[in-house]
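Heads up: the structure comes next, in structure tokens.
Computed from the coordinates by the stated procedures, all read-outs in this text should not be read as laboratory data. Only a predicted model underlies this, so the values are computations on that prediction, with no experimental measurement involved. Please note: Cβ atoms are built from the backbone with ideal geometry, for glycine as well, and neighbour counts cover all protein chains shown.
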Amino acid sequence: MRETDVVVIEADDLLSWAITRILRTAGLNVEVFASVEQFIRSDQVPFTACLVVDVQMPGMSGLQLQSHLASTGRHIPIVFITTSADERVQAIGSKMGAVDFQVQPSGEKALLKEIGLRLKPKGKQEPTGFRIPEP
């Protein structure tokens with residue numbers, strides 16, 4: 001299994017396709033899962049540098065994934081995507097370590113900027129080929 005820059009977990013096929021296209025066009029290695037459970041059962045978890053996860057998922061939610069990862073000692077940066085700006089959900093996620101909430105539809109530049117910050121360790125260059133498109 002190879003290191004993956006970003007794992008997208010999204011049940012909506014169209015949204016998943018759009019986010020994946022944006023990330024791959026920016027030069028990132030991307031894996032996609034349709035559910036949190038599918039991701040947890042995969043062998044991808046230890047090779048994931050950043051997650052883009054829908055807050056509201058059928059079955060296990062994005063916040064439940066965040067809690068599960070923390071309880072197993074895995075601290076993967078998570079950028080949550082959501083269709084509503086629910087301040088209570090954002091507060092819970094932030095307390096548990098979420099790095100950002102992107103209310104959809106958000107611009108691709110905002111999403112890429114946030115992911116770029118999570119993939120760029122201090123003092124190092126961004127991932128090879130990664131670029132944020134100009135407006």
task: State whether segment 1-49 is rounded, prolate or oblate according to the following rule on the C-alpha gyration tensor (a ≥ b ≥ c being the square roots of its eigenvalues): a/c under 1.5 gives rounded; otherwise a/b larger than b/c gives prolate, and the remaining case gives oblate.
output: oblate
query: What FRET efficiency, computed as 1/(1 + (r/R0)^6) with R0 = 22 Å and r the Cβ-Cβ distance, is obtained for Trp17 and Gln64, rounded to the nearest 0.05?
result: 0.35
Net +/- balance of residues flanking Trp17 in space, Cβ distance below 13 Å, scoring K and R +1, D and E -1: -1
message: Run the simple label-point estimate for Glu3 and Ile40 please: 7 Å along Cα→C-beta, distance reported in nm.
response: 2.7
query: Is the shape of segment 35-86 rounded, prolate or oblate, going by the alpha carbon gyration tensor and its root eigenvalues a ≥ b ≥ c, with a/c under 1.5 for rounded and a/b larger than b/c for prolate?
result: prolate
query: Of all trypsin sites (Lys or Arg not before Pro) in segment 1-40, which ones are in loop regions per DSSP and have a Cβ with at most 11 other Cβ atoms within 10 Å?
result: Arg2
